[in-house]
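Working notes, structure below.
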Amino acid sequence: MKTVRTSATSLTKAKPFEPGRVFASLGFVGDRLQPQHVTDILGISPNKSWSRGELFRPGPRSPEIVARTGAWWLSTEGLVSGQDLDAHLAFLVGLISPEGDGNRLSRLQELMRDESAVAHVGCFWHGEAGARPPAVPPFAAAAFNRLPAEIEVDFDTD
């Protein structure tokens, strides 16, 4: 089942949007989630991660708080260049299901089951006034649905 949700706010939306700003994020959240397990499977370090009970700072001006759940978040910002949302999503699809490695997707599904975690994908786009927002391409929606991951879009213009 395809899940796409729109949002006016997001955990990864720290900077004000500039016209032409595009990125995507992949996150795993769960009470028993051990973020290092996600890192081990995907082979890439997250932008933010914490385990339940760990002290963390949710934002640059926020005080430290105790995490009520485990989390692992990766943004394509700085990893993928350009303003093509498809390229940012293709990067994330390549992480969860690289060509020729069907094992990675099944390992993520097993981790989600064993650690009671859910996956989230965020699509962020900000364009000039009157610009037409992009759509989540079918290849990405299909890949994230196989995980499964909820897809959240945050598209805005000046």
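None of the figures in this text is laboratory data; all of them are computed from the coordinates on show. Just so you know, these numbers come straight off a predicted model, no measurement behind them. Here the Cβ positions follow ideal geometry from the backbone for every residue, glycine too, while neighbour counts run over all protein chains shown.
Miscellaneous remarks
- Environment charge at Leu42 (Cβ cut-off 14 Å; Lys +1, Arg +1, Asp -1, Glu -1): -1
- In this label model, Glu128 and Arg104 are separated by 3.6 nm, measuring between points 7 Å along each Cα→Cβ vector.
- Between Thr157 and Arg32, the simple label model (points 7 Å from Cα in the Cβ direction) yields a spacing of 4.7 nm.
- Here segment 20-152 is treated with +1 on each Lys and Arg Cβ and -1 on each Asp and Glu Cβ, and its dipole about the Cα centre works out to around 280 debye.
- Separation between Cα centres of segment 26-53 and segment 55-80, rounded to whole Å: 11
- Taken over segment 78-158, the alpha-carbon convex hull comes to 98 cubic angstrom per residue.
- Label zone of Phe91 (point 7 Å out along Cα→Cβ, amide N under 19 Å): in segment 21-43 this covers 21-28, 39-43.
- Projecting the Cα positions of Pro98, Val38, Ser25 onto the charge dipole of the chain (unit charges on Cβ atoms of Lys, Arg, Asp and Glu, taken about the Cα centre) puts Val38 furthest along the positive direction.
- The simple Förster model, with R0 at 25 Å and r as the Cβ-Cβ distance, assigns Val118 and Leu79 a FRET efficiency of 0.65.
- Kirkwood estimate for segment 13-158, i.e. one over the average of 1/r between Cα atoms, Å: 16.0
- In segment 123-156, GluC sites (Glu not before Pro) in a DSSP loop with at most 13 other beta-carbon atoms within 10 Å: Glu128
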